Amino acid sequence: MDTQKQIKETLEILIGLEKVEKHFNSTKNELNNAYKKLDELHDILEKEYNDVKEIEGLSMKSLFAKVLGSKEKQIEKERQEYLQASLKYNDFKKQVEVLEYERDLLKKKIVDIKMYENKLESLKKKREKELLLSNSQQGKELMKIVYKIDEFIRYRKEVNEAIDAGQASIDDLKKLVSYLKKAKDWGSWDMGSSSRQSSYYKKGAIDNAQKAAHFAQRQLNKFQQELYDVGVRNQEFEINIGNFNSFMDIFFDNLISDWVIQQKIKNALGNVELTKDKVTRLIRDLENKLGKIEEEISLLSETKDQLLLR
């Protein structure tokens with residue numbers, strides 16, 4: 001039997017099984033609702049049974065104190081209500097049993113769905129190879145689609161790599177902001193202090209910020225390269241590394257005064273926050289781009305399937 005005929009037969013079986021699966025899910029939902037109603041009817045049945053037992057246990061005096069009428073009439077009334085509740089419960093229980101039988105029968109039928117899905121995928125791959133090796137018009141169309149899908153998959157990989165590099169840049173920039181704030185705080189608290197301990201803490205805070213700046217700079221360079229790889233080269237999308245570097249000149253020996261470093265750290269914080277915001281916007285753009293890539297791959301895959309199944 002040729003591959004096309006096998007695909008057609010397998011597809012027809014799958015379509016039938018998918019209808020069965022839909023019916024199975026519908027029956028399951030119906031059964032869940034039926035179980036709830038059955039519980040409600042069971043509660044009513046128990047209540048009516050307890051009412052009968054209660055009336056049977058009452059003395060005539062207690063009965064007259066509770067309701068007017070003879071004990072026999074009251075017992076008969078309660079028994080009738082219990083009987084009606086029992087009939088209703090048993091009738092609905094039979095309906096539930098029918099639904100359970102139908103559900104179990106359908107469940108056995110849909111067990112083979114996965115097997116036929118795998119068979120169809122295997123047949124499609126076989127058919128794809130046959131068409132790609134042929135010199136037919138259908139084969140040429142398939143070749144173009146496969147090439148486009150491969151291109152989008154490679155592009156998706158590069159965009160994901162760019163997003164990862166951008167997220168790593170955000171993490172490093174957050175650390176840098178934290179160290180700069182600490183350096184700024186030490187300068188504020190000890191403004192004008194000439195103690196050795198104060199100078200030590202301020203210098204340590206600045207050293208940590210300086211190290212964090214170098215790490216952030218390296219990661220930003222990597223992010224910029226990843227952006228180039230995905231074709232983001234327009235001026236509005238580029239990170240202005242020059243502006244980012246401009247705050248580096250605050251880290252120098254023999255600072256004139258705490259006031260000077262406070263101003264420089266404040267400017268540096270502003271520049272880093274702006275860079276962080278810019279990277280965040282770029283990541284958002286890349287994520288939007290990624291969504292469009294997924295849509296393109298999905299559409300091309302559908303077109304490819306239609307070609308293989310016809």
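What to note about this one:
- Some residue of segment 95-112 being at pLDDT below 85, exposed (fewer than 14 other Cβ atoms within 10 Å of the Cβ) and under 23 Å from Thr10 (Cα atoms): yes
- Taken over segment 36-53, residues that are loosely packed, with under 12 Cβ neighbours inside 10 Å and within 35 Å of the chain's Cα centre (by Cα) amount to 1.
- Test: residue in segment 151-162 that is under 28 Å from the mean Cα position of the chain (by Cα), among the polar types (S, T, N, Q), in the same structural domain as Arg284 (by TED's automatic domain parsing) and on the phi < 0 side of the Ramachandran plot: yes
- Among the candidates Ile163, Ile145, residue that is touching a residue at least 24 places away in the same chain (Cβ under 8 Å), in a helix (DSSP H, G or I) and closer than 30 Å to Lys211 by Cα: Ile163
The values are calculated or read from the model by the stated rules, or taken from the named source; none is laboratory data. Fair warning: this is a prediction, and the values are worked out from it, not measured in the lab. All Cβ positions, glycine included, derive from the backbone under ideal geometry; neighbour counts span all protein chains shown.
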